[in-house]
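The values are calculated or read from the model by the stated rules, or taken from the named source; none is laboratory data. Every value quoted in this text rests on a predicted model; they were computed, and no experiment measured them. Note that we place each Cβ from the backbone using ideal geometry, even for glycine, and neighbour counts take in every protein chain shown. Ligands, DNA and RNA are stripped out before the accessible areas are found, and what is left, the full protein with its side chains, is counted by its heavy atoms. Shrake-Rupley method; radii C 1.70, N 1.55, O 1.52, S 1.80 Å.
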Amino acid sequence: MSEESQAKKGEKLHEGKAKVLFATDRSDQVIQYFKDDATAFNGEKKGSIADKGVANNVISYKLMTILEAVGIPTHMVAKLDDRNQLVKKVEIIPLEVVVRNIVAGSMAKRLGIKEGTKLPRPVVEFYYKDDALDDPLVTLDHVDMFGWATEEDLDTIFDYTHRINDILIAFFANIGVTLVDYKLEYGKLVGGEENGIVLADEISPDSCRLWDMETGEKLDKDRFRRDMGGVAEAYQEVVRRMGLSG
Ligand code: TMP
Ligand code: ASP
């Protein structure tokens, strides 16, 4: 029997804003369930995007599979159905790793640079994952001082992140999409025999800024954050361009 047909959904372990984690009968794997709930500005704005969970599940599964195939370790085990993935259990490194190829969002605001300005090279930022503090931007010295990641972890994170960026830029360019910026999360495998850092969480229009290359049209969660309308349609358009079915 394949791993996925054996996976049994157990107790709820954690409910986040967009996903729920469930135990399985294996101590080294969990099920990640994708909701339609959408939040922005640390939960201040709340809503629902029709079939977002289905779209993010299939998009993130595909992107992680591509990355895995070129040697980036990820948490992905299998896509179980429309909204559920079987993933390796990790202890999340409490950092949001944001990669920016083009200035947008908080960088535009913080530094007073026009949204859409191309960066000569990708910029990597770290935010400390703490909702009560609103995920503050932190320096590498903070990361070291407070022990959120070791120097060795950071070397691995930078290496994987730059490789991921090259691959994702090319992948999206091929479907007529500019990868403006996005957020990655890494974790350390727990409960099994393997150890080491893997890419975890999700890569989806919730966590990326994706602009149509020709028109600049936004195909991501900014449509929800900025009340632009056509939110569910934008997620479906990414699914369609990726050659997937929702
Ligand atoms: P920012 O410009 O708001 O800092 O966002 C940078 C990128 O990170 C953008 O693609 C959206 C993503 N992101 C998340 O995935 N989760 C978050 O909580 C935030 C603030 C941003
Ligand atoms: N994910 C964050 C929230 O839940 C912020 C965002 O994506 O804009 O509010």
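When the stretch 7-26 is examined, which residues are found to be within 14 Å of ligand 2 (Cβ to nearest atom) and either open to solvent by less than 80 Å² (accessible area, probe 1.4 Å) or at pLDDT below 95 (or both)? I'd like the intermediate steps shown before the answer.
Initial filter on the stretch 7-26 (within 14 Å of ligand 2 (Cβ to nearest atom)): 15-19.
Once the filter is applied, which keeps residues that are within 14 Å of ligand 2 (Cβ to nearest atom) and either open to solvent by less than 80 Å² (accessible area, probe 1.4 Å) or at pLDDT below 95 (or both), the stretch 7-26 yields Gly16, Ala18, Lys19.
What strands (runs of 3 or more DSSP E), lying completely within the stretch 27-81, carry at least 1 residues that are within 15 Å of ligand 1 (Cβ to nearest atom), modelled with pLDDT of 95 or more and open to solvent by 60 Å² or more (accessible area, probe 1.4 Å)?
Correct list: 37-40, 45-48.
Quick grid of which residues meet (1) over 24 Å from Ala18 (Cα atoms); (2) open to solvent by 40 Å² or more (accessible area, probe 1.4 Å); (3) in contact with an Asp or Glu (Cβ under 9 Å, 6 or more places away or on another chain); (4) within 9 Å of ligand 1 (Cβ to nearest atom):
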position	(1), (2), (3), (4)
Val198	no, no, no, no
Asp206	no, no, yes, yes
Glu214	yes, yes, no, no
Asp220	no, no, yes, yes
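Only one of Glu185, Glu233, Glu202 is more than 27 Å from Lys129 (Cβ to Cβ), of a type in the set (D, E, K, R) and either open to solvent by 20 Å² or more (accessible area, probe 1.4 Å) or not in a helix (DSSP H, G or I) (or both); which?
The unique qualifying residue is Glu233.
With the checklist (1) within 24 Å of Val238 (Cα to Cα); (2) within 17 Å of the chain's Cα centre (by Cα); (3) surrounded by fewer than 18 Cβ atoms within 10 Å (Cβ to Cβ); (4) away from ligand 1 (no atom under 16 Å from the Cβ) in hand, flag the one item Glu91 doesn't pass.
(1)
Kindly indicate which of Glu115, Glu96 is acidic (Asp, Glu), closer than 18 Å to Tyr182 by Cα, open to solvent by less than 70 Å² (accessible area, probe 1.4 Å) and touching a helix residue (DSSP H, G or I) at 6+ places or on another chain (Cβ under 9 Å). First the steps, then the outcome.
Working: Glu96 fails: touching a helix residue (DSSP H, G or I) at 6+ places or on another chain (Cβ under 9 Å).
One residue alone meets the criteria, Glu115.
Assess whether Ala108 counts as being touching a Ser or Thr at 6+ places or on another chain (Cβ under 9 Å) and not β-branched (Val, Ile, Thr).
yes
I'd like to know if the stretch 8-23 contains one or more residues that are assigned to a helix (DSSP H, G or I) and either touching a residue at least 60 places away in the same chain (Cβ under 8 Å) or among the aromatic types (Phe, Trp, Tyr) (or both).
There is no residue in the stretch 8-23 that is assigned to a helix (DSSP H, G or I) and either touching a residue at least 60 places away in the same chain (Cβ under 8 Å) or among the aromatic types (Phe, Trp, Tyr) (or both).
What's the total number of residues in the stretch 222-246 that are more than 11 Å from ligand 1 (Cβ to nearest atom), over 26 Å from Val70 (Cβ atoms) and not aliphatic (A, V, I, L, M)?
Initial filter on the stretch 222-246 (more than 11 Å from ligand 1 (Cβ to nearest atom)): 223-224, 226-246.
If we keep only those that are over 26 Å from Val70 (Cβ atoms) too, we end up with 223-224, 226-234, 236.
Add one more test, that the residue is not aliphatic (A, V, I, L, M), and what stays is 223-224, 226-227, 229-230, 233, 236.
Residues meeting the conditions: 8.
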